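Visitor: Let me begin by handing over the structure; questions about it come next.
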Amino acid sequence: MSETVIYTVTHQVATVTLNKPKRRNALDPETLDLMKQAFVRAGEDPVVRVVVLNGNGDGFCSGADLGATASGRSASQMIEEHYKPSFMALAELEKPVIGSINGAAAGAGCALALLCDLLVMSEDAYLLLAFSNIGLVPDCGANWLLPRAIGYQRAYQAAIEGGKLPAEDCLAMGIANKVVPAAQLNSTAIAWAAELATRAPMSMGLTKKLMRASFTQSYGDIFSLEGQLQEDCMASADFVEGIGAFFEKRPAVFKGQ
């Protein structure tokens, strides 16, 4: 796509890499627009089953590029025209997304990390909502994402104190799924993605849809939606394959059908 955002596909895994290491992968309109294109592309590619999002250099993403933000447009314009479309493209991606977090995931970068379905963090990684340190409020959906991840009290404390959430704390609070040495971060994320890519794509995608919908719908509504989507799954070739493999005591080979 661009040297600013690198998009590759290997063995059914798409990797989206933020590639502005000298700016610690700070987000500007160009980067955001390219990110959106990458997420849409991954969603539309039938070969891709899992997505890995990472950042080159010393940090995952340092947040907004403040120089680009002060480009004559208001904050709300920048958010609506560039940030929201990019983040929504990731939120609406019906495939598992693994965030591979090295160094800082700060500001909008923190929200980007929280938006991933699964997180692998290096031991030196951390999340940071430093908005209160400069008199701002968290944005890019962080006020929706963080309370759901760790509860209101801890989320509010993290936001108003503006301190770091180290990787080990993220693991203890359930934000991170795995914490590994920095040298193993990329290989761990890719290996996990490759393993998930062998699983039934429809099952993974619809489970994601159901769990995300659970934040805005009632228990009864989700109960009924599960039944509807279960019928879709049971009409698929992958369900037939899964049942056959179960009785034949062999690994299932899912083809995404």
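Visitor: Given (1) over 19 Å from the mean Cα position of the chain (by Cα); (2) not assigned by TED's automatic domain parsing to the domain that holds residue 142; (3) not polar (S, T, N, Q), where does residue 213 come up short, assuming only one miss?
Guide: Every listed condition holds for residue 213 apart from (1).
Visitor: How many residues, within segment 180-194, are over 24 Å from residue 254 (Cβ atoms), hydrophobic (A, V, I, L, M, F, W, C) and within 16 Å of the chain's Cα centre (by Cα)?
Guide: 1
Visitor: Which one of 128, 136 is at pLDDT 95 or above, of a type outside the set (Asp, Glu) and out of contact with any His (no Cβ under 9 Å at 6 or more places or on another chain)?
Guide: Just a single option satisfies the conditions, and that option is 128.
Visitor: Moving to a separate point now. Quick one: residue 215 ticks every box in (1) more than 22 Å from residue 50 (Cα to Cα); (2) without any contact (Cβ under 8 Å) to a residue 24 or more places away in the chain; (3) of a type outside the set (Lys, Arg) except a single one, so which number is it?
Guide: (2)
Visitor: Looking at 234, 202, can you tell me which residue is of a type in the set (A, V, I, L, M) and surrounded by 14 or more Cβ atoms within 10 Å (Cβ to Cβ)?
Guide: Details: 234 fails: surrounded by 14 or more Cβ atoms within 10 Å (Cβ to Cβ).
Being of a type in the set (A, V, I, L, M) and surrounded by 14 or more Cβ atoms within 10 Å (Cβ to Cβ) holds for just one of 234, 202, which is 202.
Visitor: Next question. What pairs come up if the first residue lies in segment 140-153 and is within 24 Å of residue 82 (Cα to Cα), the second is part of a helix (DSSP H, G or I) and of a type in the set (Val, Ile, Thr), and their beta carbons are under 9 Å apart, counting only those six or more places apart or on different chains?
Guide: 140/79
Visitor: Out of 73, 41, 23, I need the residue that is without any contact (Cβ under 8 Å) to a residue 24 or more places away in the chain, more than 17 Å from residue 185 (Cα to Cα) and of a type in the set (Lys, Arg). Which one?
Guide: None of the other options fit; the residue is 73.
Visitor: Within segment 69-87, can one find any residue that is in contact with a strand residue (DSSP E or B) (Cβ under 9 Å, 6 or more places away or on another chain) and acidic (Asp, Glu)?
Guide: No, segment 69-87 contains no residue that is in contact with a strand residue (DSSP E or B) (Cβ under 9 Å, 6 or more places away or on another chain) and acidic (Asp, Glu).
Visitor: Something else now. Just to be sure, is residue 187 farther than 12 Å from residue 49 by Cα and small (Gly, Ala, Ser)?
Guide: Against the criterion (farther than 12 Å from residue 49 by Cα and small (Gly, Ala, Ser)), residue 187 qualifies.
Visitor: Continuing with this model, one more query. Given the conditions (1) in the same structural domain as residue 17 (by TED's automatic domain parsing); (2) loosely packed, with under 12 Cβ neighbours inside 10 Å; (3) among the aliphatic types (A, V, I, L, M), which single one is not true for residue 175?
Guide: Checking residue 175 against (1) in the same structural domain as residue 17 (by TED's automatic domain parsing); (2) loosely packed, with under 12 Cβ neighbours inside 10 Å; (3) among the aliphatic types (A, V, I, L, M), the one that fails is (2).
The values are calculated or read from the model by the stated rules, or taken from the named source; none is laboratory data. None of these values were measured; they are calculated from a predicted model. Quick reminder, even Gly has a Cβ in these numbers, built from the backbone with ideal geometry, and neighbours come from all protein chains shown.
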